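To keep things clear, I will list the structure first and then write my remarks on it.
Only the coordinates and a few stated rules stand behind these numbers; no lab work does. Please read these numbers as outputs of a predicted model, since none were measured by experiment. With ideal geometry, Cβ positions are generated from the backbone for all residues, glycine too; neighbour counts draw on all protein chains shown.
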Amino acid sequence: MARVIVDVMLKPEILDPQGQAIAGALPRLGFSGVRDVRQGKRFEVEIEGEADEAALSEVRKMAETLLANTVIEDFTVRVER
Amino acid sequence: MNAARVGVVTFPGTLDDQDAARAVRLAGAEAVPLWHADHDLKGVDAVFLPGGFSYGDYLRCGAISRFAPLMDELIPAARAGLPVLGTCNGFQILCEAHLLPGALTRNEGLHYICRDQGIRVENTSTAWTSDFEAGQEIVLPVKHGEGRYVADADTVSALESSGRVVFRYVGGNPNGSLNDIAGIANEAGNVVGLMPHPEHAVEDLTGAPSVDGRGFFTSILKKLVNA
């Protein structure tokens, strides 16, 4: 069994009001020096067997089909550890 | 002559299907309930995808619904010309299904907006807007947290230049949509999606801000009767 991580982020040109709200809250809490925050999603996909190239390509397909909307989001796929 | 049959789709979490069915009946058509888990469009002449929170808006609004068994039937039928109207969550589903370009994202300012909204009808050549006058301003309820229309610059300019921006917000943009876009159509004009709710504006009895929503249903009925 292996765990594959899919990170999904809004494309840089898409406004992220949630990230902006977080960035706005941080200085109020005393955290200074934050220039920007973008919020995304992390998926932990546990697969049977090895995380070989075939399995990763299958996870990429999952990400393209369902986990991310590639109209507005980018994703990255990596194996944990 | 038999009444035109308009299918109204229910997903788990759909809220506005009963209002949509009622609006269809008030316009003089038969409302045919369609169930998300069936591979069956029941031979309807048009389909209404109502609003709500299908699948709890999990993952992204409309992202799970888009893969429902019914959608396996609806997507090819829409591509082949079946008239389809999606409002609110229905619009989100149409975008996720790539029947319409772009996407609906979190409102600018993050607030869930529920109010009566001015809308200008920009295109009266679609299956669902022929009974309006070009440039007509109508009032419909809006109620959504994720209605900010976004698409890449090429897509937006293609929509604008081909008249596929069907509805535009007037008197204030509730959600930060690009170019005040409230609704769009596909190239053929048979698939239309918008965030506002025509099905909530068909009867004075309900305290609706107008009965302007009736125009959507009279438009599609005329089209079906003349087909």
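Using Cα pairs closer than 8 Å and at least 6 residues apart in sequence, work out the relative contact order for segment B:5-226, in percent.
Once normalised by length, the contact order is 20 percent.
Hey, if you put +1 on the Cβ of every Lys and Arg and -1 on every Asp and Glu Cβ in segment B:1-143, which of B:ALA31, B:LEU110, B:ILE64 ends up farthest toward the positive end of that dipole?
So the residue we want is B:LEU110.
Helix A:53-62 versus the longest principal axis of chain A: what angle, 0 to 90°, nearest 10, using Cα atoms?
Roughly 50 degrees, rounded to the nearest 10.
When the dipole is taken about the Cα centre of the protein assembly as shown, and only Lys, Arg (+1) and Asp, Glu (-1) are charged at their Cβ, what size is it in debye, to the nearest 20?
460
Which of B:SER177, B:SER125, B:SER161 moves most in a GNM of chain B, Cα contacts under 10 Å?
The residue that fluctuates most here is B:SER161.
Pairs of Cα atoms under 8 Å, at least six residues apart: use those to get the relative contact order of chain A, whole percent.
53
Please identify the trypsin sites (Lys or Arg not before Pro) of segment B:27-95 that satisfy two criteria: DSSP loop assignment and at most 13 other Cβ atoms within 10 Å. Which are they?
Those that pass, being in a loop and sparsely packed, are B:LYS42.
Report the dimensions of segment B:5-226 along its three principal axes from the alpha-carbon atoms, largest first, rounded to Å.
39, 36, 33
For segment B:132-227, what relative contact order do you get, as a whole percent, if you take Cα pairs closer than 8 Å and at least 6 residues apart?
Once normalised by length, the contact order is 29 percent.
May I ask you to compute the full-extension gain from B:ALA153 to B:ASN179, defined as 0.36 nm times their residue separation minus their alpha-carbon distance, rounded to one decimal in nm?
Stretched out fully, the B:ALA153 to B:ASN179 stretch lengthens by 8.3 nm.
What is the log10 of I(q)/I(0) for segment A:4-81, computed with the Debye formula using one identical point scatterer on each Cα and no solvent, at q = 0.18, 0.20 Å⁻¹?
Values returned for q = 0.18, 0.20 Å⁻¹ are -0.77, -0.85.
Can you give the % of DSSP beta bridges in segment B:5-226 that are antiparallel, to the nearest 5?
On the way: 22 of 38 bridges.
Rounded to the nearest five, the antiparallel share is 60 percent.
Show me the trypsin sites (Lys or Arg not before Pro) within segment A:2-63 that DSSP assigns to loop and that have at most 16 other Cβ atoms within 10 Å of their Cβ.
Loop-located and lightly packed - A:ARG35, A:ARG38.
Which one of B:CYS88, B:CYS114, B:CYS61 has the biggest mean-square fluctuation once chain B is modelled by GNM with Cα springs under 10 Å?
B:CYS114
State the antiparallel share, in %, of DSSP beta bridges confined to the protein assembly as shown, rounding to the nearest 5.
DSSP beta bridges in the protein assembly as shown are roughly 70 percent antiparallel.
Run down the lysines and flag those whose C-alpha is under 27 Å from the C-alpha of B:LYS42, throwing out any fewer than 8 positions away in its chain.
B:LYS222, B:LYS223
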